[in-house]
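Undergrad: To start, I am sharing the structure in question, which I have written as structure tokens.
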Amino acid sequence: MIFILIPRASASAIRINEVLNVEPEINDPNDPVDKTEKRGYIEFKNVSFRYNNAEGEALEDISFQAEPGEVTAIIGGTGSGKSTLVNLISRFYDVSRGSILIDDVDIRKMSQEYLRSKIGLVPQKAVLFSGTITQNIRFGKEDANKEEIVHACEIAQATEFINDMKDGYDSEISQGGTNISGGQKQRLSIARALVRKPEIYIFDDSFSALDFKTDAKLRQALKKETLNDTVIIVAQRVTTVMNADRIIVLDEGRIVGMGTHKELLSSSDVYRQIVSSQLSEEELA
Ligand SMILES: Nc1ncnc2c1ncn2[C@@H]1O[C@H](COP(=O)(O)OP(=O)(O)OP(=O)(O)O)[C@@H](O)[C@H]1O
Ligand SMILES: [Mg+2]
């Protein structure tokens, strides 16, 4: 036993020390700008980004602006860089070239805490923890009261299945959310972002597991809730992005089209291809 356990323990100890000694790549500035005049303005200025271990650039020369009251949608094939683009806004990585401004301030000049307090992110992979539904939603806002939680769940179209569960809002979610469906997980993850009442909402492919009817209902409720906020929606479905104020078409890390649905139909080949692969002629008219 001892011969087996000692080498194992020493290998573990070495690994644990390695993890503890990792220097974070993203650091706060010494003198952070944690106050802004504006709220909800996003600007990408010629942003390029390459992952540390990758050869090519995941994003190349990305420039666009988004404002409060607007919905910006990002569409593009798998691996085109959609998640990479939105994750740069929360500063999970630093840009390789160019800059990202929020409310006219370079995000590298803010503390991460302040930056992230402005953002409600629903990541592509909904992450739930073991605990009750209420506890999971409070990860978005620690002191959220019952009313705020119920309101967020209503918009996220989650109340029906929550009320159907034996203990309602006190029902236990198992680690990773294995005891609920993918669409239910997505909706709880959306409710968690909504309860924060952020300036900027980012939905990374957050409606993909919902049926068309629930998707439409959710987006309609969302629209009312986010009238004065900045919304970024990453999606694969044309029906999800069609009504956005601005659609960004990504292809291999580059913007190959930007405009409204109507504008892109006449200006972007890539967009037309995506549309014609999903919609029938009648739906287009
Ligand atoms: N952590 C990482 N390290 C290295 N390369 C990565 C990493 N994450 C993504 N990539 C690469 O960057 C490119 C863009 O990936 P990204 O996840 O942004 O695509 P996406 O448009 O969100 O795709 P999907 O629609 O499948 O979610 C891909 O080529 C991918 O392989
Ligand atoms: Mg993605």
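Undergrad: Quote the charge dipole size of the chain about the Cα centre in Debye, to the nearest 20; the model charges only the Cβ of Lys and Arg (+1) and of Asp and Glu (-1).
TA: Taking the Cα centre of the chain as origin, the dipole is about 420 debye.
Undergrad: Can you find, among Val86, Asn27, Ile180, the residue sitting farthest towards the positive end of the charge dipole of the chain, where Lys and Arg contribute +1 and Asp and Glu -1 at Cβ?
TA: The listed residue farthest towards the positive side: Ile180.
Undergrad: A further question on this structure: Summing +1 for each Lys or Arg and -1 for each Asp or Glu, what net charge is found among the other residues whose Cβ lies under 10 Å from the Cβ of Ile100?
TA: 0
Undergrad: Sticking with this one: Name the residue from Gly69, Ile190, Ile42 whose Cα lies farthest towards the positive end of the charge dipole of the chain, charges +1 on Cβ of Lys and Arg and -1 on Cβ of Asp and Glu.
TA: Highest projection toward the positive end goes to Ile190.
Undergrad: Quote the convex hull volume per residue of the chain, based on C-alpha atoms, as a whole number of Å³.
TA: Taking only Cα atoms, the chain has a hull volume of 182 Å³ per residue.
Undergrad: Quick query: amide H of Ile74 versus all other amide H atoms, modeled in the peptide plane; which residues come in under 5 Å with a sequence gap of 5 or more or a different chain?
TA: Answer set, sorted by chain and number: Ile233, Val234, Ala235, Ile248.
Undergrad: Straight-line reach only, C-alpha to C-alpha below 18 angstrom: list the lysines that Lys223 could link to, leaving out same-chain residues fewer than 8 apart.
TA: Here the lysines satisfying the reach criterion relative to Lys223 are Lys197, Lys213.
Undergrad: Mind checking which helices in the chain clear 15 Å along their axis (Cα) and have mean Kyte-Doolittle hydropathy of 0.5 or more, DSSP H runs only?
TA: Those that clear 15 Å and a mean of 0.5 are 2-20.
Undergrad: Taking segment 125-197 as the region of interest, what is the percent of Cα-Cα pairs per 5 angstrom bin, listed from the shortest bin to the one with the maximum distance?
TA: Calculated P(r), rounded to whole percents: 3, 20, 34, 30, 12, 1.
Undergrad: Right, here's the next one. What does the charge count around Thr178 come to, taking other residues whose C-beta lies under 14 Å from its C-beta (Lys +1, Arg +1, Asp -1, Glu -1)?
TA: +1
Undergrad: Over what distance in Å are the Cα centres of segment 219-279 and segment 35-77 separated?
TA: Segment 219-279 and segment 35-77 have Cα centres separated by 15 Å.
Undergrad: Given the -39500 (n - 2.57) contribution per DSSP H run of 4+ residues, what per-residue ellipticity at 222 nm results for the chain, rounded to the nearest 500 deg cm²/dmol?
TA: One gets -10500 deg cm²/dmol as the mean residue ellipticity at 222 nm.
Undergrad: Dipole of segment 125-197, Cα-centred, from +1 at each Lys and Arg C-beta and -1 at each Asp and Glu C-beta, to the nearest 20 debye?
TA: Dipole size: approximately 360 debye.
Undergrad: Once the convex hull of the alpha carbons of segment 1-126 is built, what does its volume come to per residue, in cubic angstrom?
TA: Hull volume over Cα atoms, normalised by residue count, gives 172 Å³.
Undergrad: With Cβ to Cβ distances under 15 Å as the rule, what net charge do the other residues near Glu25 carry (K, R +1; D, E -1)?
TA: 0
Undergrad: Would you mind putting 19-28, 195-204 in packing order, based on average other-beta-carbon counts within 10 Å, highest first?
TA: Most protected by this proxy first, the peptides run 195-204, 19-28.
Read the figures in this text as sums done on the coordinates, not as results from a lab. Every value quoted in this text rests on a predicted model; they were computed, and no experiment measured them. Positions of Cβ are generated from backbone atoms using ideal geometry, with glycine treated the same way; all protein chains shown enter the neighbour counts.
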